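Chemist: To start, I am sharing the structure in question, which I have written as structure tokens.
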Amino acid sequence: MSLAKQLKAYNDFQDKLIRFMNTSTGRDKVNRLVQFLAKFLQWYTTKKGYHKDVVDRWKNLTSAVASSRKLFQIGKSQEFMRALSKASDIKDVPIKYLTMLKSLSWSFWMSNDALTWVHAAGIWKVEKINDVAKRASQFWLAGLVFSILAHVYRLRQNSENLERAKGKADESSKEQTRDLLTQRNHILYNLLQDSLDAVLPASNLGYVTVDDGIFSLVGVTTSIMGARSHW
């Protein structure tokens, strides 16, 4: 590759990176990745018997990034309430109600999560804060379950449409088949991401048992998947 092409490729990447980091979603994806990487390194250094100072360094980074993310997500519950309102216009009834339930659940999740930050910051000591944190995980998990159900429903629709398209030999049907296969890959990708993400609140609630190593690697994986989708 010539120098000019290398420079163009670098500039294109840089422009895309700047656009990505200029969005609150993009920055949160990066911070989430850092949070779970730090949590994994905290687990790894503890397991390998590293000095307490090394372990504490990763522990403090995990806590700092997690707290910062909660701060910058204050008010995000309103985004999900707006998504709830928009979902009422969806024509497909199952998708409409699943989207509404997901948005409502995640609005409650963000509201409860914001309270945990307010409590941790010492602004206002919330009574029964452990119950608030538990509710946050419950609503997070509920939203993921509704999202997974929507993906399964879309996957079923996609399979039915794919069968009909494959049964025809004309050119438009072949193009439709290609579009449906692309759509299918997108649905499966999101289904996998949400299914993996569900491990996190399920673990917080004690529904599944995973150690901090697996927990953090799941977080790293879904952070990369989310960043890739937003990129």
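Chemist: Against the definition (within 21 Å of the chain's Cα centre (by Cα) and under 18 Å from residue 200 (Cβ atoms)), how does residue 32 come out, yes or no?
Modeler: In short, yes.
One line per residue, one yes/no per condition, for (1) in a helix (DSSP H, G or I); (2) exposed (fewer than 13 other Cβ atoms within 10 Å of the Cβ); (3) touching a Pro at 6+ places or on another chain (Cβ under 8 Å):
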site	(1), (2), (3)
150	yes, no, yes
163	yes, yes, no
182	yes, yes, no
193	yes, no, no
202	yes, no, no
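Chemist: Moving to a separate point now. Kindly provide the set of residues from the stretch 140-161 that are among the aromatic types (Phe, Trp, Tyr) and within 19 Å of the chain's Cα centre (by Cα), ordered by number.
Modeler: Passing the criteria: 140, 146.
Chemist: Specify the residue that is nearest to the chain's Cα centre (by Cα); the eligible residues are those in the stretch 162-213 that are among the β-branched types (Val, Ile, Thr) and within 17 Å of residue 142 (Cβ to Cβ). So that I can check it myself, show each step before the final result.
Modeler: Residues of the stretch 162-213 that are among the β-branched types (Val, Ile, Thr), as a first pass: 177, 182, 187, 199, 208-210.
Filter again for within 17 Å of residue 142 (Cβ to Cβ), leaving 199, 208.
Numbers: 199: 12, 208: 19 Å.
Among those residues, the one meeting the criterion is 199.
Chemist: Given the options 146, 108, name the one that is of a type in the set (Phe, Trp, Tyr), touching a Phe, Trp or Tyr at 6+ places or on another chain (Cβ under 7 Å), farther than 22 Å from residue 65 by Cβ and modelled with pLDDT of 95 or more. Don't jump to the end; show me each part of the working.
Modeler: Numbers: 146 fails: touching a Phe, Trp or Tyr at 6+ places or on another chain (Cβ under 7 Å).
When all the criteria are applied, what remains is 108.
Chemist: If you scan the stretch 74-109, which residues turn out to be aliphatic (A, V, I, L, M) and under 11 Å from residue 143 (Cα atoms)?
Modeler: Within the stretch 74-109, 98, 100, 101, 104 meet the criteria.
Chemist: In the set 105, 67, 85, which member is surrounded by fewer than 16 Cβ atoms within 10 Å (Cβ to Cβ), within 21 Å of residue 201 (Cβ to Cβ) and small (Gly, Ala, Ser)?
Modeler: Working: 105 fails: surrounded by fewer than 16 Cβ atoms within 10 Å (Cβ to Cβ); 85 fails: within 21 Å of residue 201 (Cβ to Cβ).
Just a single option satisfies the conditions, and that option is 67.
Chemist: Right, another one. Of everything in the stretch 121-134 that's among the small types (Gly, Ala, Ser) and closer than 18 Å to residue 77 by Cβ, which residue is surrounded by the fewest Cβ atoms within 10 Å (Cβ to Cβ)?
Modeler: 121
Chemist: Turning to a different aspect of this structure: Pick from 62, 25: which is within 30 Å of residue 214 (Cα to Cα), buried (at least 17 other Cβ atoms within 10 Å of the Cβ) and of a type in the set (Val, Ile, Thr)?
Modeler: 62
Chemist: Among the small types (Gly, Ala, Ser), part of a loop (DSSP other than H, G, I, E, B) and either exposed (fewer than 10 other Cβ atoms within 10 Å of the Cβ) or in contact with a helix residue (DSSP H, G or I) (Cβ under 8 Å, 6 or more places away or on another chain) (or both), is that true of residue 49?
Modeler: yes
Chemist: Can you give me the number of residues within the stretch 88-102 that are surrounded by 15 or more Cβ atoms within 10 Å (Cβ to Cβ) and free of Cβ contacts under 8 Å to residues at least 40 places away in the same chain?
Modeler: Summing the residues that are surrounded by 15 or more Cβ atoms within 10 Å (Cβ to Cβ) and free of Cβ contacts under 8 Å to residues at least 40 places away in the same chain in the stretch 88-102 gives 3.
The values are calculated or read from the model by the stated rules, or taken from the named source; none is laboratory data. All figures in this text were calculated on a predicted structure; none of them were measured in a lab. Ideal geometry is used to build each Cβ from the backbone, glycine not excepted, and the neighbour counts take in all protein chains shown.
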